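The values are calculated or read from the model by the stated rules, or taken from the named source; none is laboratory data. None of the values given here were measured: they were computed from a predicted structure. Cβ coordinates were reconstructed from backbone atoms using ideal geometry, including for glycine residues, and neighbour counts include every protein chain displayed. The area values use the complete protein model at the heavy-atom level, side chains included, leaving out ligands, DNA and RNA. Shrake-Rupley method; radii C 1.70, N 1.55, O 1.52, S 1.80 Å.
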Amino acid sequence: MAPGSEVTVLLVKHPRPDVRYPALVDGDDGTRITVRAPWAGPPSRDFGFVRFERGDVFTEHYWRDRWYSVKEVRDGRGALKGWYCDVTRPAAVRDGAVVVHDLDLDLWLPADRSAALRLDEDEFLASGLAERDPAAAARAREALDELELLSRDGFAALLGG
């Protein structure tokens with residue numbers, strides 16, 4: 001994927017509706033794909049631990065060989081809000097889209113790195129993945145643990161920052 005090219009990010013959320021949004025490619029080294037996208041949700045959404053709103057910019061990192069993505073979130077003025085991480089199957093590129101299958105586990109790290117929050121573990125349990133695909137469920141749990149470890153330095157070791 002060439003830097004500056006337009007791409008669609010497709011987050012497969014089965015059985016819930018998939019999420020699609022446009023992004024621009026920042027880079028693709030064959031393993032990690034980095035895109036930049038504006039907040040694509042409603043004008044604002046308050047999660048309790050963070051509020052995403054129009055003007056926020058997400059720099060999103062997807063790996064073809066890792067079971068997660070890391071999204072650096074900045075407000076419209078460029079101030080860091082934090083990092084939102086999705087546990088997913090490894091990313092694939094198909095038909096001009098970065099495609100990831102969401103596995104319902106997430107992690108949020110605020111900009112001050114005060115405490116990583118593990119999110120949506122109830123959704124993960126309710127998804128039935130552990131029964132349908134125990135190996136994938138185990139890998140998803142390992143990925144969440146790995147993200148929590150990587151969050152201790154603000155993902156610097158992972159993202160090179």
Worksheet item: So which of GLY4, GLY30 ends up being over 20 Å from HIS101 (Cα atoms) and more than 14 Å from the chain's Cα centre (by Cα)?
Response: GLY4
Practice prompt. Read through the list (1) open to solvent by 30 Å² or more (accessible area, probe 1.4 Å); (2) touching a strand residue (DSSP E or B) at 6+ places or on another chain (Cβ under 9 Å); (3) among the aliphatic types (A, V, I, L, M), then give the number of the only condition that VAL87 fails.
Written response: (1)
Practice prompt. Can you give me the number of residues within segment 140-161 that are modelled with pLDDT of 95 or more, open to solvent by 60 Å² or more (accessible area, probe 1.4 Å) and not acidic (Asp, Glu)?
Written response: 2
Worksheet entry | Inter-residue pairs, beta-carbon under 9 Å, first within 20 Å of ARG89 (Cβ to Cβ) and modelled with pLDDT under 95 and in segment 105-128, second open to solvent by 40 Å² or more (accessible area, probe 1.4 Å) and of a type in the set (D, E, K, R), 6+ apart | PHE124/ARG141
Item to complete: Please work out if PHE58 is at pLDDT 95 or above and under 27 Å from SER114 (Cα atoms).
Response: yes
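Every residue, every condition in (1) closer than 15 Å to ASP86 by Cβ; (2) of a type outside the set (A, V, I, L, M, F, W, C); (3) without any contact (Cβ under 8 Å) to a residue 24 or more places away in the chain, yes or no:
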residue: ARG16; (1), (2), (3): yes, yes, yes
residue: GLY27; (1), (2), (3): no, yes, no
residue: ILE33; (1), (2), (3): yes, no, no
residue: ARG36; (1), (2), (3): no, yes, no
residue: ALA40; (1), (2), (3): yes, no, yes
residue: GLU53; (1), (2), (3): no, yes, yes
residue: ASP65; (1), (2), (3): no, yes, no
residue: VAL70; (1), (2), (3): yes, no, no
